[in-house]
1. Take A:ILE62 and tell me if it is out of contact with any Cys (no Cβ under 7 Å at 6 or more places or on another chain), among the β-branched types (Val, Ile, Thr) and outside any helix (DSSP H, G or I).
2. So which of B:VAL286, B:VAL254 is β-branched (Val, Ile, Thr), more than 21 Å from B:MET441 (Cβ to Cβ) and in contact (Cβ under 8 Å) with a residue 60 or more places away in the chain?
3. State which residue pairs qualify: first residue touching a residue at least 24 places away in the same chain (Cβ under 8 Å) and over 25 Å from B:LEU298 (Cβ atoms) and inside the stretch B:331-351, second residue assigned to a loop (DSSP other than H, G, I, E, B) and basic (Lys, Arg) in any location, beta carbons under 7 Å apart, and separation of 6 or more residues or different chains.
4. Looking at the stretch B:444-524, what helices (runs of 4 or more DSSP H) fall wholly within it and have at least 1 residues that are of a type outside the set (Val, Ile, Thr), touching a residue at least 40 places away in the same chain (Cβ under 8 Å) and within 14 Å of another protein chain (Cβ to nearest Cβ)?
5. Can you give me the ranges of the helices (runs of 4 or more DSSP H) entirely in the stretch B:178-295 with at least 3 residues that are away from chain A (no Cβ under 14 Å) and closer than 30 Å to B:ALA479 by Cα?
6. Condition test on A:MET94, is it over 30 Å from A:ALA8 (Cα atoms), more than 14 Å from chain C (Cβ to nearest Cβ), in a helix (DSSP H, G or I) and open to solvent by 80 Å² or more (accessible area, probe 1.4 Å)?
7. Tally time: how many residues in the stretch B:395-432 are more than 20 Å from the chain's Cα centre (by Cα) and either part of a loop (DSSP other than H, G, I, E, B) or within 12 Å of another protein chain (Cβ to nearest Cβ) (or both)?
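The values are calculated or read from the model by the stated rules, or taken from the named source; none is laboratory data. Computed from a predicted model, the values in this text were never measured in an experiment. Reconstructed Cβ throughout: ideal geometry from the backbone, glycine too, with neighbour counts over all protein chains shown. Ligands, DNA and RNA are excluded from the accessible area calculation, which covers all protein heavy atoms including side chains. Shrake-Rupley method; radii C 1.70, N 1.55, O 1.52, S 1.80 Å.
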Amino acid sequence: MISRLLLAFPVFTVVALVILGLGAMLLKRNLIKVLMGLSLVESAANLFLIVIGYRQGGVAPIFTNVPEHPVMVLPTVQALTLTSIVIGVATTAMMLSFAMIIYKKYGTADVHKIKKLKG
Amino acid sequence: MFSFCIRHLPALLIAAPLFTAFVVPLAGRLGSRVRAAWVALGAFATAGIGFALAAKVLGSGPVTYVFGALDHAQTLGAAAAFPIRIMFEVDAFSALMILISSLSSLAITIYSLAAESRQSGLDIFYAMLFLLVAGVLGMVATGDLFNFFVFLEISSLAGAALVAYRIDEGVAVEAGLKYALLSTIGALSVLIAIGILFAQYNALNLAAVASRLQFGTLDKIALVLLAVPLAMKAGAVPMHFWTPDSYAAAPSSVTAFLVVSSQASLYALFRILYTLYGHLLQFSWVTFGWFLIILGVLSAFVGVTMALTQKDVKRLMAYHSVSQTGYMLLGAGVALAVLGNAEALAAFGKTALAGALFHMFNNALYKGLLFLTAGAVFYRTGTRNLDRLGGLGHTMPWTMAFFMIGALAIAGIPPFNGFASKLLIYESVYRLSPFLSILAMVVSILTLASFVKVFHAMFLGPPRAEYAEAREVPRPMLAGMAILAAFVVLIGLLPRPFNDHMIAPAVEALLDRVGYIATILGGS
Amino acid sequence: MTFAWTLETGSGTWNPLLWLVAFGVAVGIGLYIRSFGRADNREGDALKPFISGNEEPEDGASHLPASNLYWGFTDALKAYYQKVVPLHSGIPTDYVAWMLGVMAVMFIIVLAT
């Protein structure tokens, strides 16, 4: 029972991260903090991908140093996560630069005041 | 050489715009003429490859393409040694979307060669534009869930960067931020859903996942995580708020392609509902059919009523694209609601779906045309405010003619193309509920009313002194609009051949879930 | 040939070419009726437009701003517009909240059925 809970622990972490991230996005008014919330959700998604790729007793598919009868794990999700991290870096960088320009032009980083386009 | 090219068409479809995009900055170093020539070459090459691929698919059935293997049998199926490879599966529905994107990208690139020529930073502009094209083409061609996520992100990133490109005192950046924020959170939701599906079925290939799908609780969660963000990206009410903001702020040529990008999301939504889940939706299929119908009705009505009061011409048109998306959701929703009832499906479900897909094609044409005319007016007058425009019909007759064609088509006036697809939707949807049909017609009338307003405000009346200098826009801009206008008229006059050779195969492909799986996995 | 190009909708048909022919005939009839009109009617003979007794404004000074055009319609639907327009608040996080809200509703519906 305990060991199963331990195995499920990363999934709980993922859920907690998603909730924290979404909470930050919806409740915080500072644009940078909203983007931090988004980053948290992104990390949660990446962590989730890694979690589902875990196989008990499996080893990484590196052929230089393996045990006798290795159970190698196909590193699909790890590859996906790498891709997703790269995309995440790009989006975060772009949105932070947007935040910078908005702060320069509007003089505020309060999301409730970034509403020149409405109606 | 020729057969080599034909064989690798799906790869070239992505490679051509990507290569164009990354070489643009180099070409720009050699001067603006070299850059323009390179961009034009890239646009023609991309569109040509798109047309060739679509023609091949419509002529001889679905095309599959595996990256890094000779054919898909080595990747999936009994003899598969290595089950994860990126795979493209282009069936008739994808071919339809590829046609839309190719045609639209060609027209807007020609248009932007003149429209953007007075601006700075063109190297990155064109690079981003072609990245956007590559992203959209990838979204509609891929048969792999994770690969879809990657292309979705490519198109969102390039789209957001283009929306924000002309900073415009920060307003454009605000629009770009909203677009990027929603796209990213939506894409993350899609990614988590893909993770859930992968964890259960150990596959990322759409056909493979579809063949193994059980529709347990986790699959239901994954379905919601996939469907809602894609509906948001398509601009369905009540998740449409980003659409007017970003469509209004983006350069007009980009807006015309953002419409196509929205429709690529709509494509993905239909693909997931019909192909990935399909008949497995079991009792939920009615629920999801009505989910689409309700979103569609809300989009159509809220979109058009919000459009009626707008003052900014591009914002007004953006609300109309929300409203037009409503028609597509409505048609596809009706077909999904009767998916389990073979009799009803044959009687009116297929017609409704055909209307929806036909409308997707038509919408990309006339909506793109309208945004391009709005851009042409902005190019000469420097304002998008309808209260300040007027009397341009005297000086810009061609732009006015193209605007009229687009406006009549969007309002569903015969004999333009919008009428044909709307007729298919009206005359099938009423079999499920007459109320839906009546509402769709009311929306059409309001659409006409609001375009009468735009036409009156931009082109009618005596010439205004402040726009005395305005004259017709440069030839390439007219050419871009003319391409789209020609297709609007052509399809309007000949809807039947078009329907039989492109829409009907797409409908069959979308409904034939088993066939889609069998194309990859063999057997049935 | 033209009949093969009729779009069938299941409940009706649509043939743009026939429509064009009918349209042409209608225009022809219209022109025919018009030809009964008096040939001696010249421009300038017409009365001045009646604008509630006001003088006709000078050419070029009579632009009707677009936002006034559907005042009657928007005024009649005031109750609707007063509810819907404020929803388009323009605040980025509101947009996210709407999407999550729809997602939550869909979760409830899908998991309950």
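1. So A:ILE62 fits the description; yes.
2. Unique residue meeting the criteria: B:VAL254.
3. B:ALA347/B:ARG431
4. Where helices (runs of 4 or more DSSP H) fall fully within the stretch B:444-524 and carry at least 1 residues being of a type outside the set (Val, Ile, Thr), touching a residue at least 40 places away in the same chain (Cβ under 8 Å) and within 14 Å of another protein chain (Cβ to nearest Cβ), they are B:475-493, B:495-498, B:504-511.
5. In the stretch B:178-295, B:252-270 are the helices (runs of 4 or more DSSP H) which contain 3 or more residues that are away from chain A (no Cβ under 14 Å) and closer than 30 Å to B:ALA479 by Cα.
6. So A:MET94 does not fit the description; no.
7. Here the count works out to 13.
To keep it simple, each residue is scored yes or no on (1) closer than 15 Å to B:HIS320 by Cα; (2) in contact with a Lys or Arg (Cβ under 8 Å, 6 or more places away or on another chain); (3) at pLDDT 90 or above.
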residue: B:ASN363; (1), (2), (3): yes, no, yes
residue: B:TYR379; (1), (2), (3): no, no, yes
residue: B:MET396; (1), (2), (3): no, yes, yes
residue: B:PHE402; (1), (2), (3): no, no, yes
residue: B:ILE410; (1), (2), (3): yes, yes, yes
